[in-house]
Amino acid sequence: MGCTTTQSQEGVSMEAGHFHLTALLATVLTALYWPNPGLSQDTVVHLMPAPQHIAINEGRLRLDRAFRVHLSGHSDPRLLAAVARVLHVMRNKTGIPLALLPSPDPEQSVFEIQCEGPGEKIQSVRSDESYTLEVNNRGGRLAAPSPIGILRGLETFLQLIDMDSESFYVPAVKIEDRPRFPWRGLLIDASRHWQPVEVIHRNLDAMAAMKMNVFHWHLSDDQGFRVESRLFPKLHQIGSEGDYYTQDEIRETVAYARNRGIRIVPEFDVPGHTTAWLAAYPELASAPGPYAIERSWGVLDPCMDPTNKKVYAFLDAFIGEMAELFPDEYFHVGGDEVNGKHWNANPRIRSFKARQKLKDNRDLQAYFNRRLARILEKYGKKMIGWDEVLHPNLPKNVTVQSWRGQASLADSVREGHPGILSYGYYLDQMQPAEFHYAIDPLGKEAANLRDADKNQILGGEACMWGEFINSDNIESRIWPRAAAIAERLWSSAETRDVSDMYRRLDYVNHELTARGLMHRCHYLEALQRMAGELDLDPLTKLADLLQPTGLSVRARTRKYSSLVPLNRMVDAVMPESEAARHLADLIDIALANPLRSKDAFQKIRALLTDWRDHRVQVKPFIEQSFILREVDPLSDAVFELCMAGLEALDYIEAQRKPTEAWQTKATSLLERCEKPQAEMLVAIVPPIQELVHAANAIP
Ligand code: ACM
């Protein structure tokens, strides 16, 4: 996937602060949202994704060494493994030396797990993921019709663990839960930058914690072919430069995912995005070779020849081999961004089109896709492709994954295809979690669909494309933002309170770290690498206020390739600045009631003063490190923005109208600072803008 098409922010307000509610309003909404608020005013749960129904009751189940689990009903090896994992995480979270095995004796059990039905041999999109969880002072009970529901309920149980002045506990609750959509995926592109198997496993752990159930593994592209093929060994030997998954690693990862209730859908992108295949087997190409692994990003010309019988024989054998390795019923064939240049340039392909009455390259690709669908059918697979595969001749059972717009999802289901949404869920665009959170597969574009068509919308997938990530920073680019997408796909459509989502997202950060995710550690390590011997604090303080730009901006700013190191500040800073969000929240509180928010004003002043004065401390870093030199203007911008913010505060607190000259100067400063510098954004621009607007609005 070239991913060069910009995912626009159309239709969703990005203005920071816009969604931030006052603390009071947030409390009211939270109380409305969590039923039975009166019973347990001091019990706050952090569940993500939010369950469909929860009642928080009086009482707490105290956790101690006596905590024992008992399993009843249908047995499944996944359940034993899951209980051991959960108890292990509980041990890590609480330090209590819990027995890791379930108890054979129901009398001893504090937590009863009842699996009411068997699991599927191969987990499918139809699997029942519902569960009920009840906890009271004395114990808990988790019941589900299938092992997958038990896995989901166990994750909820883990997230409920909290502590008070007395001990660790789980609050008394009654939860009835099930997903809104059956397809809740995460795509990882392991082609453009290599992602070792342990990175994949950690992300599977995080997905399981967020109840995501499809790992879409993008395994081939122009820049690398990443799976061992025994039938066509040159694919991985020539196409990967040694960075590929062995078949044993694939099998191990499929089992790892299955244990966590996650299906793995492999993607082998054809007929475009195939330079790495063609480097190994140039006879499959539409234009004469030789080919070499591609280093640059974008939509490229090399492409398989859909008129060549050998291509189908090759794909038939290859898909047969991969169909055994990947048991899931779905098989992704890509199909995106075929520019057709090599088809147009080849007289044999042109005359084939004329003979077959294929009027354009879309028709030719549809011809290719029909043949591909037959091959997949032979191996018992359902075909799925990106929205470019949509064509009147496409067999209706092919699932379409929309990345170019929500309208294309509506078109697909209207034409009878099952559909999945990825438009709006591109993590590489570095949008804030609230941007993704606002995008609903059944949003306004789907409003006019018939119910039968709506039911064809299976869900969505977050996409982590690989141009600007490596194995160091990938986790920080996915998490915690993907959790907001996980919630959109699991929880009810009415679960929409952005402040509450962010409250819980902060908790998700800790939850994922406790489970071994590296998304937080990478940041400090990367900063330390840039800072050398110096104490890290001042640099961190600046970096906390910066955010990376997304793929579209970066690809325009300089010539990138897979050989360009991702070792700059833009590759370290977090996609969403928590410090800026905290400032925005305070500003919302202060501006909602300027006369009665002395405390908020004081806090804002303290933050801005601290950040302003910090320029002096960060200078030595910038002077001593060639890699940090580009950060200098950003440090200056933070200084000036804080000055402007402090002046705006003076005006607001005194209710004194700023001079015209000040207003003009502040506006031009904000315009200047809004632009990316060194491929980064200063995250406090929008909140400072709020302050300046508020000052300007004083009569
Ligand atoms: C894509 O981003 N080309 C699917």
Counting Lys and Arg as +1 and Asp and Glu as -1 over every other residue whose Cβ sits under 9 Å from the Cβ of Arg178, the net charge comes to -2
First check a/c for the range 307-408, with a ≥ b ≥ c the square roots of the eigenvalues of its C-alpha gyration tensor; if it is under 1.5, answer rounded, and if not, answer prolate when a/b is larger than b/c or oblate otherwise. oblate
Using a simple charge model, +1 on the beta-carbon of Lys and Arg, -1 on the beta-carbon of Asp and Glu, nothing else, what dipole does the chain show about its Cα centre, in debye to the nearest 20? 1660
Cβ under 11 Å from Ala279's Cβ, Ala279 left aside: what net charge do those residues give with Lys, Arg +1 and Asp, Glu -1? -2
Ordered by residue, what ³J(HN,Hα) values in Hz, to whole numbers, does the range 477-484 give under the Karplus form 6.51 cos²θ - 1.76 cosθ + 1.60, where θ = phi - 60° and Gly and Pro are x? 7, 8, 10, x, 4, 4, 5, 5
Taking the convex hull of the Cα atoms, report for the range 63-179 its projected area averaged over all directions, in nm². 7.0
Ordered by fewest other Cβ atoms within 10 Å, a rough proxy for footprinting exposure, Asp650, Asp305 read Asp650, Asp305
Net charge, His436 excluded, C-beta distance under 9 Å - Lys, Arg +1, Asp, Glu -1: +1
I need the phi-derived Karplus couplings for the range 628-640: 6.51 cos²θ - 1.76 cosθ + 1.60, θ = phi - 60°, integer Hz, Gly and Pro marked x. 8, 4, 5, 7, 3, x, 6, 5, 4, 4, 4, 4, 5
May I have the pair-distance distribution P(r) for the range 585-666, computed from all Cα-Cα distances with 5 Å bins from 0 and rounded to whole percent? 3, 14, 20, 18, 17, 12, 8, 6, 2, 0
Out of all DSSP beta bridges with both ends in the chain, state the antiparallel percent to the nearest 5. 40
Mean projection of the alpha-carbon convex hull of the range 535-594 over all orientations, in nm²? 6.0
Which GluC sites (Glu not before Pro) in the range 514-603 sit in a loop by DSSP (not H, G, I, E or B) and have at most 11 other Cβ atoms within 10 Å of their own Cβ? Glu533
For the range 492-555, one quarter of the surface area of the C-alpha convex hull, expressed in nm², comes to 7.1
Cα-centre dipole for the range 569-676 with unit charges at Cβ (Lys and Arg positive, Asp and Glu negative), debye to 20: 360
Taking only the alpha-carbon positions of the chain as identical scatterers, the Debye log10 I(q)/I(0) at q = 0.08 Å⁻¹ comes out as -0.68
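Every number here is computed from the coordinates shown, using simple stated rules; none is lab data. Predicted, not measured: the structure shown is a model, and the values here were computed from it. No Cβ is skipped: glycine too gets one built from the backbone with ideal geometry, and neighbour counts run over all protein chains shown.
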